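Working notes, beginning with the structure itself.
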Amino acid sequence: MRSEAELTKLFREGGKKITPQRQCIFRILQDNQTHPSAEAIFDAARLEMDSISLKTVYQTLNELVEIGEILSLDFGTGAFRFDPNNSAHHHLICTKCGQIRDLQLANLVPELPSELAQGFRVSKAEVTYRGICVRCDN
Ligand SMILES: [Zn+2]
Ligand SMILES: [Zn+2]
């Protein structure tokens, strides 16, 4: 994901709305490795800016997803999670505390068996490891 200043410029040039609330969301997402839900971003933003609405959070997140600046991920945890690491990567999820960590591996995804690969063009593949993190494992 680009910096707050770059995103501000990009949004302006694209005719998208720029407000202090939206810039606050950019800042919260920047280098955020927690894979926050919209609600978690809303809670963090409210500490800085009590005039922010959950609707603004959702709209801004949707626009960032649309232009490919962030990823929207569904791990089946009940809410979409948002990721400013928009490179192709995989995840480790602790099933106890819910912590989600990035996993950057070049050749992790197994190739499709040839009978399937013939009738299917893969554009993207993700692997999710579920287990117990070191903090929960004691
Ligand atoms: Zn854990
Ligand atoms: Zn991630």
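Nothing in this text is a laboratory measurement; each read-out follows from the coordinates by a stated rule. Keep in mind it's a predicted model, so treat the numbers as computed, not measured. No Cβ is skipped: glycine too gets one built from the backbone with ideal geometry, and neighbour counts run over all protein chains shown.
Counting every C-alpha pair in the stretch 39-107, the share spaced more than 13 angstrom apart comes to 71%. For chymotrypsin sites (Phe, Trp or Tyr not before Pro), the sites in the stretch 42-122 that DSSP calls loop and that have at most 11 other Cβ atoms within 10 Å are Phe120. Find the Rg to Rh ratio for the stretch 1-81, where Rh is the Kirkwood radius over alpha-carbon pairs and Rg uses the same atoms. Here the Rg-to-Rh quotient is 0.93.
From the mean inverse distance of alpha carbon pairs (Kirkwood) and the Cα radius of gyration, derive Rg over Rh for the chain. Mind showing how you got there, number by number?
Details: Rg = 17.3 Å, Rh = 16.7 Å.
Reported Rg/Rh (Cα atoms, Kirkwood Rh): 1.03.
Helical content of the chain, expressed as a calculated mean residue ellipticity at 222 nm, amounts to -10000 deg cm²/dmol (DSSP H runs of 4 or more residues, -39,500 (n - 2.57) each, divided by residue number, nearest 500). Straight-distance candidates among the lysines for linking to Lys17, with alpha-carbon spacing under 18 Å and chain neighbours fewer than 8 residues away dropped: Lys9, Lys55.
Using Cβ counts within 10 Å as a stand-in for footprinting exposure, how do Asp74, Asp43 rank, fewest first? Please list the in-between numbers first.
On the way: Asp74 9, Asp43 14.
Fewest-to-most Cβ neighbours within 10 Å comes out as Asp74, Asp43.
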